[in-house]
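Peer 1: So that we are looking at the same thing, I have put the structure below in structure tokens.
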Amino acid sequence: SDIFDVSKLGYESLLNTQHTIETGIYLYDAHVEDWKLGELTTIYGRNGEGKTTLISQIIAHNLNRKVKTFLYSGEMSENKLQSWLYHQVVGQDKDAYTTIQTKYGAKRELKPNVINAIKEWHKDTFYLYNRNTKRTIREMDRLFTTMESCAKTGVLLFIIDNIMTALEENADSLYSDQANFVQRCKDFVIKNNVHIVLLAHPNKEKKEITGEKGNLEKTDISGSNNIPNKSDNIISVERVWNEEIDIDLILTSQKDRESGQRKIIPMMFSKETLRFYDSTT
């Protein structure tokens, strides 16, 4: 039937946080009251300014909550992703590392038993998409088919890192392809009651941050207008290069369905843990 009686619909209590997705950044999570299932989030920022570090940190947090997670990475290699994530998981535990000698000097490396323990910890919880060397529109169909299968096994968080680059082989139809892709993502989260995070780039030229406020707006997301329009949540990530400012990153909630208010969250980066921290940590 195309209709149902709303009186038969279960009422969801505000105390039920079992089916929400946290980022692990408390000030942001408190602002949006977590990401909801059935929603689409876009995180955007310039190259080298923290998007991948942030998303890896979010993955680590959700693996700790036993939230099954799927990642498509259009740029970073599988081994680099694994190494960065494992270092974030270990954090400042010096006993987890050993020192090895390379031709460029002494380097820290995780001990084999630590690596095995981490693998056991996230076994059957974290899945990385095995992408083909050549990415085409047909490959996108394969991606969604794979995601459908994962959703049926209980995966709730789907992260698509810079997949927009996969559509740039045909520049003439780039915007329409992006619009169609984002619409497919939106349909997917609603149908499967999951959450998708898209990583994107801004179209705005780099501008040095001079205060404690970022320069990017949600209209600066590069590509189709469908990206900001269909997104339930939008986050911009901007690195602060000015050494006179005691902040490493400005995370801005540009859009959310819960509060509707823009929120700026200054963050610091730790080289020891490879993580960003807000003022609550």
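Peer 1: Note down all Cβ pairs under 7 Å where the first residue falls in the range 260-281 and is in contact (Cβ under 8 Å) with a residue 12 or more places away in the chain, the second is open to solvent by 70 Å² or more (accessible area, probe 1.4 Å) and assigned to a loop (DSSP other than H, G, I, E, B), and they're at least six residues apart or on different chains.
Peer 2: I264/K213; P266/E212; E272/Q92; T273/Q92
Peer 1: Determine if the range 266-278 includes at least one residue that is open to solvent by less than 90 Å² (accessible area, probe 1.4 Å), over 30 Å from L110 (Cα atoms) and either in contact with a helix residue (DSSP H, G or I) (Cβ under 8 Å, 6 or more places away or on another chain) or among the hydrophobic types (A, V, I, L, M, F, W, C) (or both).
Peer 2: Checking the range 266-278: not a single residue is open to solvent by less than 90 Å² (accessible area, probe 1.4 Å), over 30 Å from L110 (Cα atoms) and either in contact with a helix residue (DSSP H, G or I) (Cβ under 8 Å, 6 or more places away or on another chain) or among the hydrophobic types (A, V, I, L, M, F, W, C) (or both).
Peer 1: Go over the candidates Q178, Q254 one by one and state the one that is of a type in the set (S, T, N, Q), open to solvent by less than 70 Å² (accessible area, probe 1.4 Å) and closer than 30 Å to T145 by Cβ.
Peer 2: Q178
Peer 1: Another question about this same structure. Take the range 212-229 and flag every residue that is of a type in the set (K, R) and surrounded by fewer than 18 Cβ atoms within 10 Å (Cβ to Cβ).
Peer 2: K213, the sole residue that qualifies.
Peer 1: Considering only residues of the range 144-174 that are part of a helix (DSSP H, G or I) and modelled with pLDDT of 95 or more, which is surrounded by the most Cβ atoms within 10 Å (Cβ to Cβ)?
Peer 2: M147
Peer 1: Could you say whether any residue in the range 14-37 is in contact (Cβ under 8 Å) with a residue 24 or more places away in the chain and more than 23 Å from R257 (Cβ to Cβ)?
Peer 2: no
Peer 1: On the basis of being in a helix (DSSP H, G or I), among the β-branched types (V, I, T) and touching a residue at least 40 places away in the same chain (Cβ under 8 Å), does I118 make the cut?
Peer 2: For I118, the condition - in a helix (DSSP H, G or I), among the β-branched types (V, I, T) and touching a residue at least 40 places away in the same chain (Cβ under 8 Å) - is not met.
Peer 1: Tally time: how many residues in the range 184-196 are open to solvent by less than 10 Å² (accessible area, probe 1.4 Å) and within 16 Å of H19 (Cβ to Cβ)?
Peer 2: Total satisfying the criteria: 4.
The values are calculated or read from the model by the stated rules, or taken from the named source; none is laboratory data. It should be emphasised that the depicted structure is a prediction, and the values quoted were computed from it without experimental measurement. We place every Cβ from the backbone using ideal geometry, glycine too, and count neighbours over all the protein chains shown. Just the protein is used for accessible areas: all its heavy atoms, side chains included, with ligands, DNA and RNA removed. Shrake-Rupley method; radii C 1.70, N 1.55, O 1.52, S 1.80 Å.
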